[in-house]
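Worksheet for the structure shown next.
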Amino acid sequence: MRGASGGRAGDAPRDSHGARHPVTVMAERIVDVFVGLGYRVVEGPEVEAEWFAFDALNMDERRFARAADRAFYLEDPVAPDRRSGLVLRTCTSPAQIRAMLGGAPPLRVVCTGRAFRPDPADATHSPVFNQVEVLAVDRGLTMADLKNTLDRFAASVLGEGTPTRLRAHRFACTDPSVKVDVACTACHGTATPPDAGAREDDREDASGRAPEDAPAVPCGACGGRGWIEWGGCGMVHPRVLGACGVDPHHYSGFTLGMGIERTLMLRHGLKDIRDVIDGDIRFALALDEFPPRPAPPGSRGTRDGHGGPDGKSGRDDRGGPLGRMVPSARAVPEAEIIPGSRAVPGARRDSPAEAVRETETGTGTGAETGAIVREAEAAPEVPGHTGTEAGSRAGATAGAEAGGGGGGGLDRSRSLRRRIGHALAGAGYVETPGFPFVGDTMWEALGLPPDDPRRTALRLANPLDPRRPALRTTLLPALLSALALNLGRGNRDPALFEQGAVFIPRPGAGSPPSPPAGRRPTDDQLDALDAATPAQPHHLAAALTGEASWACVVEAARTAAHVMGARLATRPVEYAPWRPGRCFELLVEETVLGHAGELHPGTARTLGLPAGTGAMEIDLTAMERLTDRETP
């Protein structure tokens, strides 16, 4: 861990490095493991038709997983008192269904992404979390193949020799089904923390040996069991195969699913998921690209087995391990948010437009922008980028044709998003993923007019918080809230970014059909399911405080465009929530893809942000589509 210190938040030395979020890094490492084993990466929508989310997975209406306290259902906009047939997916398994519908066996696919359940946040639960799911379908696959894959997976992400065990369970989509446990990474399966004897004075006699009747001190991570639950897996149920048009008499398959936050917590000995999800930049900076793991048995760690990467532990006044395990906040430096985007000391620009023109013409920023480009181009690549996302049946089919069911690797969209993340982190931005829930209060704070299309949002029939019943149409609400949170905790001049899906209703879209379970729907039914699913483009947003922050966020957008092979143009415009005269449209080929500039003073004041705060948001999906047209 770099630069750990025990001082107050905000008193750390300045440096130029940001960080991608550890969950993002963990997800990528997991994906790379399976790409190396010949798996193809697929994705699917976060808002799904109930048929994909439940029926195709052998979950009928009586299944407890479909209860209102187990899944977020979307309102029917025509009749708000009834469900729309759409749901926030409770796991990433629907992406596997789309993959099987789009390609014939043999199939080997891996999917990572967000899932949602109406669980209030506590030490072990979050309403928004990330999962990895793996699917293999071929002739003759057995539980032995599944166990071998699990062991290789555990060794790759948790360490060589990490033991796993299987416990019988029951899942609707698999038969047989098992839960997966791994040996506790804190006590390494001994059921007591490594330093239990050394730290308990009353357990030792004068000779330094523990008396025979001394009570055992259970490991705080596993509760003395020696094992921690990791996830679930099993052989794909024949009814699930049949629903996807796969003959279960000729093919078998296995699937496994794990929480990515849980995997990260197991790897680093963390016990409270709120430290992972709450948006404090110190967490991402402390685990930046994963420092050394907790010490092995025999070394002095923490009394309760909760060892951080530096062998320390402890909770600050917010109840998280940020007091000692995570270093004090390291502020983004004054001159290097994006190289070249801050004014040279002593220099002065007469207007925002002049500064934007400079970045367009290259005056004063060419060398520095080159540094950003080199950072993006240095981002790790995964071989075999020929696969295609399974967000639709057509996409899955294209992937099967291009890379085959058993290979293909990482698709272009994910590769580009990785490179953008690396570039912004290298420029001093810290990734802070946010929850997608939003309410009218935020629209008012952003100053959106009553007829602004961003106010037209999908609404939950059973929101966890009645004040935030809608799904985001922009990334700014959560990102600006995270910016205010970090300022409130003393993190000086934070610069944040997020990449993620937004949810855009389709005008006139009807309710999705409900095809019979157990057999493949017709093509017309599948087309109707896709047509009823809302658009969910990926956006990029960035926000920061400090001098000339509006120019910095324009340059951040330009960096993303360069990674995608697009030339970004800007044009002055008035658009909420930005300050008139310091707001710019972001265009590629005369298509408006987003906006950037300085927040309106009233918006900044309402959200608890300082005057001059800069923010940017751009549609990555639309930009990728435009650059795809140019690709021969």
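The values are calculated or read from the model by the stated rules, or taken from the named source; none is laboratory data. Everything quoted here is computed from the prediction, not taken from an experiment. Note that we place each Cβ from the backbone using ideal geometry, even for glycine, and neighbour counts take in every protein chain shown. The accessibility values were calculated without ligands, DNA or RNA, using every heavy atom of the protein model including side chains. Shrake-Rupley method; radii C 1.70, N 1.55, O 1.52, S 1.80 Å.
Computed over neighbours whose Cβ is under 12 Å from that of G439, the net charge equals +2, Lys and Arg +1, Asp and Glu -1.
Averaging over all projection directions, the Cα-based convex hull of the stretch 125-182 occupies 5.2 nm² in the image plane.
Over the stretch 480-561, the fraction of Cα-Cα pairs per 10 Å bin, rounded to whole percents and listed from the shortest bin up, is 15, 28, 21, 16, 15, 6, 0. Local charge for D151 was computed over the other residues whose Cβ lies under 15 Å away, with Lys and Arg +1 and Asp and Glu -1, and equals 0.
The label-point distance for D247 and T124, in a model that sets each label 7 Å from Cα toward Cβ, rounds to 4.5 nm. Given in Å, the Rg to one decimal and the Dmax to the nearest whole number for the Cα atoms of the stretch 29-78 are 15.5, 47. Largest first, the residues E133, E61 sort by 1.4 Å accessible area into E61, E133. Note that the stretch 424-477 carries a Kirkwood radius of 12.5 Å, evaluated over its alpha carbons pair by pair.
Calculated FRET efficiency, D628 to Y575, Cβ-Cβ distance, R0 = 30 Å: about 0.65 to the nearest 0.05. Here the Kirkwood formula puts the hydrodynamic radius of the stretch 558-610 at 11.9 Å, using every distinct Cα pair.
Here, the stretch 25-139 yields an orientationally averaged convex hull projection of 8.8 nm² when only Cα atoms define the hull.
Taking 7 Å steps out from each Cα toward its Cβ at D451 and A168 produces label points 6.6 nm apart. For a modelled paramagnetic label at R274, 7 Å from Cα along Cα-to-Cβ, the residues of the stretch 455-480 in reach, with backbone nitrogen under 18 Å, are 464-465.
A 1.4 Å probe run over the stretch 471-519, with the rest of the protein chains in place, finds 34 Å² accessible per residue.
With the convex hull drawn around the C-alpha atoms of the stretch 61-104, the volume per residue stands at 99 Å³. As a rough guide to protection, the peptides 428-436, 121-129, 596-604 ranked by mean Cβ packing within 10 Å, highest first, stand as 428-436, 596-604, 121-129.
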